[in-house]
Amino acid sequence: MDKLFINGGNKLYGKISVNGAKNALLPVLAGVIMVDGMVTLKKVPKYSDVLAMCEILSNLGAKVNWHGSDLIIDSSTIEEHTITSQLAGSLRSSIFALGPLLCRHKIAKVAYPGGCEIGLRPIDIHLNGLRVMGTRIVEKNGYIYANGESMEGCDVTLSFASVGATENIMMAGVMTRGITRIFNPAKEPEIVDLQDFLNACGAKVSGAGTNMIYIEGVESLHGCIYEVIPDRIAGGTYLLMCAMCGGEIEIENFLPYHNQALLSKFSQSACKIDIKDDRIFVSSSGRLDSFIDVETAVYPGLPTDLQPQIMALQTVSNGYCLVVENLFESRFKHVPELIKMGADIKFRSNVCVIKGKEKLYGADVNSPDLRGGIALVMAGMKAEGYTTISGIELIDRGYYQIEKKLAPLGVDIKRIEK
Ligand code: EPZ
């Protein structure tokens, strides 16, 4: 397995551009299952999760081709309705295919999803919503058997504003007779992006990003050309890297209104952030005051996907910081790894108290999941000495060739291929 090798201590200078959003691309690729035609997605980074979704589409019968960074999918040839455990188990977004498969085939057999091990990650909200719409679901032998012949548009209220469940049920309504209204939906920008993609294919969806999503079922969807929004989590990660390491960088393709909660944390900070349309300029000494408290929440609150990266910054900030992780019950696996590098962190259940230190020290650490892994990259960039990070296939899920992305900023980082 590959490793990353980082010689820390350099400040960052230069320009970095944010790629398309992983968590927008994955539901869009699930939505492609409903399309009877050709979809071209522009400027698609080859995140390993994107490649995994492409493999699922190919196994269903779609023709998947790359033309440079453009992904071209002819889904008119999709005949299959089964997603095996080997494919489904490789990522969380395989479950997003359930709604689209029911729209296309009225029947689906999908194995339980995988994904970063940050909690139990049940799928009850997905399945309950589909049942309310009339889907008959049997769970056995690790598979979900679903029959959507009697599905009807109706009102669906989510018990929790789950991102994936919102996307799954939204897509289930797209080609289901009647009107489906989703109450208490998640409001993430990636859901608005999914709505825009589906409508570009002829769907009739509105209200994404608000308290109620309204879907009028249509007979079919046609192909389209589409480019997803920039990855707000990657953009936030690069901002936090500069805040932590010091220096001056420009981040292109950064939409400030997608990152308001993070930007507000820097409003009183010595880390200066200038916003110009879809780019920001970050300037930091590399030694900042602590944020005092950090609580993750559903959008537009502070994203759980930035919690590990914010925690990395707090380990070398001035003072104490309380971090509360409200979305996932096991999203502190990066903490023991940061402690190996000299961080002072006490944790219980979903709460951490971090005492900022002057320095971190290079060590051999292991990436526990995607965002925990990038937090360790940040710590290695800041630390004195050498850091080796294993398990980086988890980082490749959501950051494409991260070493090539960071090196031009002055980071001394190499990928060691095993
Ligand atoms: C999406 O996961 C993202 N993944 C996650 O990003 C992100 O952390 C999460 O939303 C929250 O923003 C993709 O979009 C591919 P949820 P998802 O359903 O849909 C519980 C990353 O690093 N829940 O909003 O799985 C669940 O256990 C990844 O890019 C149920 O109980 O998140 C969790 O505690 C990590 N039952 C909470 O809801 C359900 O049926 C939020 O989960 C579904 C969810």
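The values are calculated or read from the model by the stated rules, or taken from the named source; none is laboratory data. In this text the structure is predicted, and so the values were computed from the model without any measurement. Don't worry about glycine lacking a Cβ; one is built from the backbone with ideal geometry, like all the others, and counts go over all protein chains shown. Areas reflect the complete protein model, heavy atoms only, side chains present, ligands, DNA and RNA absent. Shrake-Rupley method; radii C 1.70, N 1.55, O 1.52, S 1.80 Å.
Relative to the Cα centre, what is the charge dipole magnitude of region 22-226, using +1 at the beta carbon of each Lys and Arg, -1 at the beta carbon of each Asp and Glu, and rounding to the nearest 20 debye? Please list the in-between numbers first.
Numbers: 17 positive and 20 negative charges, 31 e Å.
Around 140 debye, computed over region 22-226.
Springs between alpha-carbon pairs under 10 angstrom, Gaussian network model over the chain: which of GLY164, GLY142, GLY236 fluctuates most? Maximum fluctuation in the GNM of the chain, among the listed residues, is at GLY142.
For the chain, what % of the accessible area comes from carbon and sulfur atoms, probe 1.4 Å?
On the way: 8200 of 15950 Å².
Roughly 51 percent of what the probe reaches on the chain is carbon or sulfur.
Using only Cα atoms, tell me the angle between helix 370-382 and the longest principal axis of the chain; keep it within 0 to 90° and round to the nearest 10. With rounding to tens, the tilt is 20 degrees.
Evaluated on the chain, the Kirkwood hydrodynamic radius is 21.8 Å, with distances taken between all distinct Cα atoms. Structural descriptor for region 72-186: relative contact order 26 percent, calculated from alpha carbon pairs under 8 angstrom and at least 6 residues apart.
Once the Cα atoms of helix 22-31 and of the chain are each reduced to a long axis, what angle between those two axes, in degrees from 0 to 90 to the nearest 10, is obtained? Long axis of 22-31 versus the principal axis of the chain: about 10 degrees. List the pairs from LYS11/LYS357; LYS3/LYS355; LYS187/LYS404; LYS43/LYS63 whose alpha-carbon separation is above 24 Å, in the order I gave them. Those over the limit are LYS3/LYS355; LYS187/LYS404. Our summary gives region 22-226 a relative contact order of 21 percent, counting only alpha carbon pairs under 8 angstrom and 6 or more residues apart. Accessible area ranking (1.4 Å probe, heavy atoms, ligands and nucleic acids excluded), largest first, for LYS276, LYS265: LYS276, LYS265.
Within the listed set PRO113, PRO303, PRO122, the residue fluctuating most in the Gaussian network model of the chain (springs between alpha-carbon atoms under 10 angstrom) is PRO122. Note: relative contact order over region 198-254, using C-alpha pairs below 8 Å and six or more positions apart, is 25 percent. Would you mind working out the accessible area per residue for the chain, using a 1.4 Å probe, and quoting it in Å²? I get 38 Å² per residue for the chain.
When the chain is treated as a GNM with alpha-carbon contacts under 10 Å, the residue of ARG136, ARG104, ARG232 showing the greatest mean-square fluctuation is ARG136.
By the helix-only formula, in which each DSSP H run with n ≥ 4 contributes -39500 (n - 2.57) and the sum is divided by residues, the chain has a 222 nm mean residue ellipticity of -8000 deg cm²/dmol.
Percent of Cα-Cα pairs more than 29 Å apart in region 22-226, please. So the portion of pairs separated by more than 29 Å is 13 percent. Taking the C-alpha atoms only, the angle from helix 232-245 to the longest principal axis of the chain is near 10 degrees. Projecting the Cα positions of ALA343, ALA407, GLY362 onto the charge dipole of region 343-418 (unit charges on Cβ atoms of Lys, Arg, Asp and Glu, taken about the Cα centre) puts ALA343 furthest along the positive direction. Between CYS352, ALA200, LEU120, whose Cα lies farthest towards the positive end of the dipole of the chain when Lys and Arg beta carbons carry +1 and Asp and Glu beta carbons carry -1, centred on the Cα centre? Working it through, the farthest residue towards the positive pole turns out to be CYS352. Simple point charges give the picture: +1 on the Cβ of Lys and Arg, -1 on the Cβ of Asp and Glu, and for the chain a dipole about the Cα centre of about 660 debye. Based on alpha-carbon centroids, what's the gap between region 322-400 and region 171-234 in Å, whole number please? One Cα centre to the other: 35 Å.
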